[in-house]
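Undergrad: Below you'll find the structure I mean.
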Amino acid sequence: MKRARVITFKIDGQDIGAHEDETILELARQNGIYIPTLCFLEGLSQYGGCRLCVVEVKGTDRLFPACTTYPIEGMEVFTDSDRLHGYRQDILQFLFSERNHVCSVCVSNGNCELQGLAFSTGMDHVEVPYLNPQLDVDASHPLFGLDHNRCVMCTRCVRVCDEIEGAHTWDVVGRGADARIVADLNQPWGEAASCTSCGKCVQVCPTGALFRKGASVAEMRKQATFLPYLSQMRAGWQNEEK
Amino acid sequence: MIDRFEKIKRKEREAAAGVDYTIGVCVAASCLSLQGDKVLDAFQEGIEGPKEEGSPPSRCRAKGVGCLGLCSRGPLVSVTKQQDQPADDQSRVLYQDVTVDDAPRILEAHEADKTVPDILCPTDTPFFERQIKIVLENSGKIDPTRIEEYIAADGYHALLEAVTEMTPNQVIDEIVRSGLRGRGGGGYPTGLKWTTVAKAQEEKVKYVICNADEGDPGAFMDRSVLESDPHRIIEGMTIAGYAVGASRGYIYVRGEYPLAIGRLKKAINQARRQNVLGNGICGTTFNFQIEIRLGAGAFVCGEETALIASIEGKRGQPRPRPPYPAELGLWHEPTLINNVETFANIAPIIRNGGDWFASYGTATSNGTKVFALAGSVAKNGLIEVPMGITLHEIVEELGGGTANGHQIKAVQTGGPSGGCIPASYFETPVDYESLKKLGSIMGSGGLITMDETSNMVDVARYFMEFCMAESCGKCVPCRVGTVHLHNLLDKIYNGKATHKDLALLERLCSFVSETSLCGLGQAAPNPIRSTLRFFREEYLDLLVDEPVHAISEEVAA
Amino acid sequence: MSKAKIATVWLDGCSGCHMSLLDMDERLIEIAQAADLVYSPLVDPKDFPDQVDVTLVEGAVSSEDDLEKIKKVRAHTGVLVSLGDCAVTANVPGMRNPFKVDSIMDRAYLENADTNQQIPLEVIPPLLPMSVPIHHVVDVDVVVPGCPPSADTIYYVMTELLAGRTPDLSGKTRFGI
């Protein structure tokens, strides 16, 4: 097995030693530097869709998503600036304006990553008009529900179902703002034959979009800690087989 | 192999020599939609149909040919007088707006060595005379459904030369020397791309992809090339496969181009039979297969990583680059991906040498560029001009100004990723750098002209509506931003917006372009930015001091 | 120095933010020493005064009456504070926005009414097509999200404003709980 080369670079002025196959996000976390994320989840493949983790790199105006960018020797990365802070607030504004996120009546109120991100980045009001789309709730599954009003299209559910559970019940249909999470071939979740009812999608969902039935306002707490364990265990097996 | 080519050439010459006039009827999509096929049938009927007893055989033959350029006057018909030398434009007359009823008149006139003056299309105009044809050299001359005619026009000779007399490195050197840059829009040096893919580990399987997912509104260059001269693409891709060490190629064509797809399929089969595609090409050990993949109408699938995902059978959405496809492409293997027009330039470069190609165009943008000239100009159609020509020459001279007597106000290049260039900048030479400086891009070649009657806010709104409908929805800035930008433009256009809204629009433009994942989102604000830069007063004119019921904006949304 | 004039306004909300304000308990006395409450659902005056230093507004802008009120409030207020999620995000009142006003009226007054099924044309102000946050209608100086914002938060906001400072709410309150 080819070993990755070791390099050094800087994040926010701090010297970082790294393998070149580690992403800037992983390295920032290892070194206690906070970069906000939403679609990223340790144990799942990187998606690069939410753009919250964009960072600046010295020498270019371009922004790079920390979750999918690998450092190179001598690189200087900056994770916080007025520009980045403003853009992160803008992303959250866009998400809140896109669908109907009504925190006060949401099952995940108080335990929601979107709500938490708005809090931690100081996004306290949405400047752009709300789009107020009319969206469905799929309550056809006996154990769980899917509320499209709360979905941020992070696709964690799609990835966990495909990569960890191996069922690939979830996928995305439609384009742009019409994109939706669908079960199997756009069927009610309860009729999706591939679903094993394992509930992993519910646990990794950052908002109240996927929830356990019976949970009332602010009662839905999620546990995604099984993920790094499962994915590491799987990686271990694969290495043994090699 | 060369003997076989010579034999085909000789046969083609003999067939042409049997008659005095060759009538070429355009059977590309635009003329077909105006019943070009029926016109061709009418000619064939007139030539081969029952005649009076004892009348001499016709001195004419008729065939379908590719695009003749001036699409706004179709169906177009060319009549070429047979000479010993290959036909050049001087011995050719062109008829415009030809109907089925015109066919007997044209036949009758030419049987008597005359012409039909009332439907003659003047070819001594800048539209025809200012063009230099490299990509379109065979368009309108050969029958796109017959490989023999392509070979007779020196087709597949470059491939034969490449695989039998040149090393892959020599082929790449020639491309590098030509200075050819990607014609899909980005303008990335083609030679450099080929070098990178060629340098990827040798033991790797590699792929060549032709991006024929032409999606810009107003652009139809690639479709025309595929319909008029499909073998040119196959030859270009096969040479590329030889140069970079790939044995498999895909042409990703949008499903809305059924004619192009049909002709490509036919061409691939013909090429296999002539041993210029498939296993042991031209008697060497080089193998190269080409398959066609159809796009399902998503604009974003023209983005290379989304296109690759689509070929793999996945949802067509982009992924962050790097790694670039040259390193990690189709099925995670090194992949060369070029646009139709780029591949169309390969055979002439190998045939005539990189230096020959570099002699056309400007210092940094070599060769020619095909443009789809559309909009308010008098002459709509397909043109191929040398790089460095000014916009003024294209619009006023080739295009002949406007048809309705209004002044041309601006041209839009680069589709939804490009920008609007005002008439005051029409002396700008058309090359990658100059257009970029003006906030537009070369793009794939759509060139939409607008006259004074166009409102630039409305133009920007149109392109934003396009981006909104075509955003894949993967990244937040593009998915939601295009909706907000569109709604803001709508509000401004409808006279309900204030200066505050304009400020928000400008701020969101920077945000969306800087944080979006792929080129579509990053470039989506370009039409707004360029119209704001050159036509700001049109925005300001529409603003109001007091918001018109801040409420109603959300109703519209 | 004369005491500052403060006001509170109740638009389309559940009055929970006002309850939270009352939850300041004995700290209300402290506020009352620094400022006069000149207009509020909790006090008697019926007309909004000419000049108010600080106005806290609860609720979204949902009806023509709300719109008229908030414009007037804005015109006569120094510092306008959006208090609570309804004022900041339209929150629960905004949940009707995906639907048309007509269908909402039908559902509320015809389909779901057991007796006397008719849509009121008088007394009840007509609904706007959308229920919107205050800052989408008029300029807002301070936004205080929360459903409701805690008494501590409101106390902090008021004391800062009365001291002539702009409250920094980062880390203090959020949408929802």
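Undergrad: Could you size up the charge dipole of the protein assembly as shown around its Cα centre, putting +1 on the beta carbon of Lys and Arg and -1 on that of Asp and Glu, and report it in debye to the nearest 20?
TA: That gives a dipole near 2380 debye.
Undergrad: In the range A:1-54, which chymotrypsin sites (Phe, Trp or Tyr not before Pro) fall in coil by DSSP and have 10 or fewer other Cβ atoms within 10 Å?
TA: A:Y34
Undergrad: On to the next question. Using r as the Cβ-Cβ distance of B:D113 and A:I72, and R0 as 56 Å, what FRET efficiency do you calculate, to the nearest 0.05?
TA: In this case the efficiency is close to 0.20.
Undergrad: Taking the Cβ of B:K436 as the center, what net charge do the other residues with Cβ under 14 Å away carry, scoring Lys and Arg +1 and Asp and Glu -1?
TA: +2
Undergrad: Treating only the Cβ of Lys, Arg, Asp and Glu as charged (+1, +1, -1, -1), what charge dipole size does chain B show about its Cα centre? Round to the nearest 20 debye.
TA: Dipole magnitude for chain B comes out near 1600 debye.
Undergrad: Computed over the Cα atoms, what is the radius of gyration of the protein assembly as shown divided by 2.2 N^0.38 Å, N being its residue count?
TA: For the protein assembly as shown, the normalised Cα radius of gyration is 1.11.
Undergrad: First measure r as the distance between the Cβ atoms of B:E14 and B:W331, then evaluate 1/(1 + (r/R0)^6) with R0 = 51 Å and state the FRET efficiency to the nearest 0.05.
TA: Calculated transfer efficiency: 0.60.
Undergrad: May I pose another question? Give me the extension gain from B:E433 to B:R272: residue separation times 0.36 nm, minus the current Cα-Cα distance, reported in nm with one decimal.
TA: Gain on extension, B:E433 to B:R272, equals 53.9 nm.
Undergrad: In whole Hz, with x marking every Gly and Pro, tabulate ³J(HN,Hα) for the range B:388-393 from phi via Karplus 6.51 cos²θ - 1.76 cosθ + 1.60, θ = phi - 60°.
TA: These are the phi-based 3J(HN,Hα) values: x, 4, 8, 4, 4, 4 Hz.
Undergrad: With the Cα gyration tensor of chain A giving a ≥ b ≥ c as the square roots of its eigenvalues, does the rule (a/c under 1.5 for rounded; else a/b larger than b/c for prolate; else oblate) give rounded, prolate or oblate?
TA: Because a/c hits 1.5 or more and a/b fails to exceed b/c, chain A counts as oblate.
Undergrad: Shifting gears a bit: A:R234 to B:E537: FRET efficiency via 1/(1 + (r/R0)^6), r the Cβ-Cβ distance, R0 60 Å, to the nearest 0.05?
TA: 0.45
Undergrad: Given the pairs B:K369/B:K437; B:K51/B:K266; C:K5/C:K72; B:K9/B:K63; B:K7/B:K141, which span a C-alpha to C-alpha distance of over 23 angstrom in this model?
TA: Long pairs (Cα-Cα over 23 Å): B:K51/B:K266.
Undergrad: Does chain B come out rounded, prolate or oblate, given a ≥ b ≥ c as the square roots of the eigenvalues of its C-alpha gyration tensor, rounded meaning a/c under 1.5 and, failing that, prolate meaning a/b above b/c?
TA: It comes out oblate by the Cα gyration axes.
Undergrad: Between the range A:85-113 and the range B:368-408, what's the alpha-carbon centroid distance in Å?
TA: First find each Cα centre; the distance between them is then 49 Å.
Undergrad: Could you check the spin-label model distance between B:E129 and A:V105? Points 7 Å from the Cα along Cα→Cβ, value in nm.
TA: A separation of 7.4 nm, rounded to one decimal place.
Undergrad: Of the GluC sites (Glu not before Pro) in the range B:378-463, which ones lie in a loop per DSSP and count no more than 16 other C-beta atoms within 10 Å?
TA: Answer by residue number: B:E427, B:E452.
Undergrad: Please give the per residue volume of the convex hull enclosing the alpha carbon atoms of the range B:457-556, rounded to a whole number of Å³.
TA: Considering the Cα atoms of the range B:457-556, their hull volume per residue is 83 Å³.
Undergrad: Give me the angle, in degrees from 0 to 90, between the Cα long axis of helix C:64-75 and the longest principal axis of the Cα atoms of chain C, rounded to the nearest 10.
TA: Computed tilt is about 20 degrees.
Undergrad: State whether chain C is rounded, prolate or oblate according to the following rule on the C-alpha gyration tensor (a ≥ b ≥ c being the square roots of its eigenvalues): a/c under 1.5 gives rounded; otherwise a/b larger than b/c gives prolate, and the remaining case gives oblate.
TA: Note, shape of chain C comes out prolate.
Undergrad: Along the Cα→Cβ direction, 7 angstrom out, place labels at C:E68 and B:E45. What is the inter-label distance in nm?
TA: 7.6
Undergrad: Report, to the nearest 10°, how far helix B:168-178 tilts away from the longest principal axis of the Cα atoms in chain B, using its own Cα long axis and a range of 0 to 90°.
TA: Computed tilt is about 70 degrees.
Undergrad: Taking Cα pairs under 8 Å and at least six residues apart, what relative contact order does chain B come out at, in percent?
TA: 13
Undergrad: Once label points are set 7 Å from the Cα along Cα→Cβ at both B:K199 and B:T99, what is their separation, rounded to one decimal in nm?
TA: Inter-label distance under the simple model: 6.2 nm.
Undergrad: Further question: Which trypsin sites (Lys or Arg not before Pro) in the range B:304-411 sit in a loop by DSSP (not H, G, I, E or B) and have at most 15 other Cβ atoms within 10 Å of their own Cβ?
TA: When the trypsin sites (Lys or Arg not before Pro) of the range B:304-411 are filtered for loop state and at most 15 Cβ neighbours within 10 Å, B:K314 remain.
Undergrad: Normalised by the number of residues in the range A:142-242, what is the relative contact order in percent for Cα pairs under 8 Å and 6+ residues apart?
TA: Rounded, it is 31 percent for the range A:142-242.
Undergrad: Quick one: angle between helix A:82-98 and the longest Cα principal axis of chain A, in degrees between 0 and 90, rounded to 10, please.
TA: The helix A:82-98 is inclined about 10 degrees to chain A.
Undergrad: Starting from the Cα of C:K3, draw a straight line to each of the lysines and keep only those under 22 Å, dropping any in the same chain fewer than 8 residues away.
TA: C:K46
Undergrad: Taking a spot 7 Å from the Cα of B:E397 along the direction of its beta carbon, which residues of the range B:416-451 have an amide N less than 11 Å from it?
TA: Backbone N within reach: none found.
Undergrad: Subtract the Cα-Cα distance of C:D36 and C:D23 from 0.36 nm times their separation in residues, and report this length gain in nm to one decimal.
TA: 2.9 nm
Undergrad: Which of the lysines could a cross-linker span from A:K213 if the Cα-Cα distance has to be under 17 Å and same-chain partners fewer than 8 positions apart are dropped?
TA: A:K200, A:K222
Throughout, read-outs are computed from the coordinates displayed, never taken from laboratory work. Here the structure is a predicted model, which means the values were calculated and not measured. We place every Cβ from the backbone using ideal geometry, glycine too, and count neighbours over all the protein chains shown.
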